[in-house]
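To start, the structure under review is shown below, and the notes come after it.
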Amino acid sequence: MSPPRGLFVTGTDTGVGKTLVACALVRGLRARGLDAGAMKPVETGVGDAGPLDALALRRAAGDSDPLEDICPLRYALPAAPTVAASADGRDVELWAIRRAYERVIARHDCVIVEGAGGLLVPVDERYCMADLAREFDLPLLVVARASLGTINHTLLTLEVAVARGLSVAGVVISHGQGLLSGADAANLQALRDALGPALVGEIPLLAPGGEPDPGAIDLDALLARS
Ligand SMILES: Nc1ncnc2c1ncn2[C@@H]1O[C@H](COP(=O)(O)OP(=O)(O)OP(=O)(O)O)[C@@H](O)[C@H]1O
Ligand SMILES: [Mg+2]
């Protein structure tokens, strides 16, 4: 089997576990001997400590790539890229993302790209995260949260992917919102049933700073679909 080109990690929302899952994917692929690189093409909410998602991804990928390649566009406002860029009085320089992506894929067997927010988040006025995934020609890994509302958010995300001609390699559910009530647990089971084999992993509630078990995500299924 030829090495996969990579995956575009999107989410049903912001704060659902994309960085946690993307880092686990990078580490898991590298543990299998694949030279996986990582990117967070645009990060917002960047303060004095730097782009925290990109820094975590860089660490997972072995700290070799320049941070400017992993995360070429950074903005201070914690908002959608087009909104955050405008608040800084800047344009979103898509060319900088494209050039950085070319440099990263030239150095690695495959690349795990973390989007910002979900698929319809605007990157600029005419270009959204789904457009970026399509331009990179990467299958999606959708991260969904475990709590109430997730059936709708997950199915909406999958419908948008289909409508925009994107392939979905799988869905990972992350339990970042804490322990579930009985109703939430029953709701989540309905999502698992609806997803069937598209569900490639579930991350239980981790201790702060904890990393998912290596086996939490079915890398074999993802590799077969990417
Ligand atoms: N399974 C889990 N157990 C414990 N904490 C989790 C879990 N999943 C996510 N979290 C926590 O939830 C928060 C959001 O996760 P993360 O940063 O990965 O989300 P994200 O989708 O990448 O967010 P953003 O949209 O800001 O990029 C983090 O503090 C993360 O550690
Ligand atoms: Mg993130």
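Full-extension gain between residue 137 and residue 193, please, as 0.36 nm times their residue separation minus the C-alpha to C-alpha distance. Don't jump to the answer; show the numbers that get you there.
On the way: separation 56, 0.36 × 56 = 20.16 nm, distance 2.85 nm.
Stretched fully, the residue 137-residue 193 segment lengthens by 17.3 nm.
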request  = For segment 102-142 and segment 68-90, write down the distance between their C-alpha centroids in whole Å.
outcome  = 16 Å
message = Over segment 6-225, what is the relative contact order in percent, taking alpha-carbon pairs closer than 8 angstrom and at least six residues apart?
response = 24 percent
message = Looking only at the chain, where both bridge partners belong to it, what percent of the DSSP beta bridges are antiparallel (to the nearest 5)?
response = 15 percent
request  = Using the Cα centre as the reference, give the magnitude of the dipole from point charges on the C-beta atoms of the chain (Lys, Arg: +1; Asp, Glu: -1; all else neutral), rounded to the nearest 20 debye.
outcome  = 260 debye
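Just from its helices, what would the mean residue ellipticity at 222 nm be for the chain, if runs of 4 or more DSSP H residues each count -39500 (n - 2.57) and the sum is divided by every residue, rounded to the nearest 500 deg cm²/dmol?
Numbers: 9 runs with 91 residues, N = 226.
Only helices count here, giving -12000 deg cm²/dmol.
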query = Which of the listed residues, 180, 133, 215, is farthest toward the dipole's positive end in segment 6-225, when Lys, Arg count +1 and Asp, Glu count -1 at the beta-carbon?
reply = 215
note = Length gained, residue 221-residue 162, 0.36 nm per residue minus C-alpha separation, equals 19.3 nm
request  = Sort out the exposed loop trypsin sites (Lys or Arg not before Pro) in the chain (DSSP loop, at most 12 other Cβ within 10 Å) and tell me the longest stretch that has none.
outcome  = 127-226
remark   = In Å², rounded to a whole number, the accessible area per residue of the chain with probe 1.4 Å is 45 Å²
ask   = Which percent of the accessible heavy-atom area of the chain goes to carbon and sulfur, probe 1.4 angstrom?
value = 53 percent
query = residue 177 to residue 52: extension gain in nm, 0.36 nm per residue of separation minus the Cα-Cα distance?
reply = 43.0 nm
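So what is the relative contact order for segment 84-152, in percent, with contacts set as C-alpha pairs under 8 Å and at least six apart?
Details: 23 pairs, mean separation 10.3, N = 69.
Averaging sequence separation for qualifying contacts and normalising by length gives 15 percent for segment 84-152.
Please report the net charge: other residues with Cβ closer than 12 Å to the Cβ of residue 191, K and R +1, D and E -1.
Details: positive: 145, 192; negative: 184, 193, 202.
Net charge around residue 191: -1.
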Pair residue 95, residue 35: separation of 7 Å Cα→Cβ label points (nm) = 2.9 nm
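The values are calculated or read from the model by the stated rules, or taken from the named source; none is laboratory data. Just so we're clear, the structure is a prediction, and the values are computed from it rather than from any experiment. Here the Cβ is made from the backbone with ideal geometry for all residues, glycine too, and neighbour counts use every protein chain on show. Areas reflect the complete protein model, heavy atoms only, side chains present, ligands, DNA and RNA absent. Shrake-Rupley method; radii C 1.70, N 1.55, O 1.52, S 1.80 Å.
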